[in-house]
1. Which length gain, in nm to one decimal place, applies between ASP126 and ALA148 when the Cα-Cα distance is subtracted from 0.36 nm times their residue separation?
2. Determine, from the Cβ-Cβ distance of ILE325 and ASN198 and an R0 of 22 Å, the FRET efficiency 1/(1 + (r/R0)^6), rounded to the nearest 0.05.
3. Net charge around ASP337, counting only other residues with Cβ within less than 13 Å of its Cβ (Lys, Arg = +1; Asp, Glu = -1)?
4. Is the shape of the stretch 150-294 best called rounded, prolate or oblate, per the rule: a/c under 1.5 gives rounded, else a/b larger than b/c gives prolate, else oblate, with a ≥ b ≥ c the square roots of the Cα gyration tensor eigenvalues?
5. Stretched out fully, how many nm does the piece from THR134 to ASN285 gain, at 0.36 nm a residue minus the Cα gap?
6. I want to check the label-to-label distance for SER105 and THR271. Put each point 7 Å from Cα in the C-beta direction and report it in nm to one decimal.
7. Order 317-323, 99-105, 288-294 from most to least packed using the mean count of other Cβ atoms within 10 Å.
8. Once label points are set 7 Å from the Cα along Cα→Cβ at both VAL297 and THR338, what is their separation, rounded to one decimal in nm?
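A short reminder: the numbers here are calculations on the coordinates, not readings from a lab. Everything quoted here is computed from the prediction, not taken from an experiment. Positions of Cβ are generated from backbone atoms using ideal geometry, with glycine treated the same way; all protein chains shown enter the neighbour counts.
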Amino acid sequence: MFGHMKSVYGFLAVVLMGWTTVATAQTTTPPMPLPRPEHTEATAGDGVSSGSDEASQSIEDFVGAKSDPYFTDTLVPYAPPTHSATGSDVNVEQGALFLMAKLTSDSEPLDQGLVWRIYSETTGDDGRLELIATAEGGNAEFRLNPGAYLIHTSYGFASATNRIVMRRDVESKMVILNAGGIKMEAALGENLPLEGRNVTFSIYGMEFNARGERNLIAGDILPGQIIRLNAETYHVISRYGRANAIIRADIQVVAGKLTEATMIHKAADITLKLVSSPGGEAIANTSWSVLSPGGDVIVEANGAFPDVVLATGEYEVVAKNNGEIYTSLLNVENGVDTEFEVVTATSQAQVSN
């Protein structure tokens, strides 16, 4: 019944086994800093969300905090004021901490998009770290009592955590984030970009957690959106629609550079219609199922004109209406968006472009 079963499984093998070749990537050196990303919902590195204002963190969130080479003395001259903005004397019992950050040791200091968080190194009775102070923008200045602190610096989804011991003097430090950016697009081929389509990307780490799953770093990313990340390799998933048009690739982010990647899908947008005769009016109150050659349900929908995106291959379409069941075979070709009619009189498919 499924004459093209072999070709369907051949495509799935490409998706599952050959995903390292489905993306084309190009690394460029744009003006720095990188543009600020619009999406900051997912969890950033080191267990701290880049868009979160949580007042405390557990000590486990900062295990592995590094002081070298990510935290270095800066040569920027800095003299703290002797009076605060209100005109009152500065607390001489406190130390002054001046912080700046760069993507790489050779890049210019970042003047926007940074989030600074200062945590106490000691935990409270609840085992959480106390958030002492925060700042956003570019460089930052803090007045701190003598003691040990953890400094978390985030720039989009790139981050670094450092430890410092403050005294009653001035400390001036530069954080080297060792970060870059990634911008992703999707296409159905060299001349078929998926602009304005229902395409999203998700970025995962390469390691697996205790449940055997990759840790999500950033999700629901739109084409053309620039995401800031620490320099390393990431597992990227592109989804076209909500069914089985899914492509995977491992993409490397280089410090101080913008990596541009295009994910190549093989799919088409299909509108389903149940009609009494070819070219007739769509019948309302219809339930739909699209099955793989092996009988697995790929997608289910309801209505007169359900719209689904399917990977290329052959499927069985099942329409249910008023107690009757109608089936037809559907062959999806790459980039060929169609209306697929299931005709009740003959239960055979008619396709119109």
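1. Full extension of this stretch gives 6.0 nm more.
2. So, using R0 = 22 Å, E works out to roughly 0.15.
3. Here the count lands on -3.
4. prolate
5. In short, 48.9 nm is gained.
6. Result for the modelled spin labels: 6.0 nm.
7. 99-105, 288-294, 317-323
8. 2.5 nm
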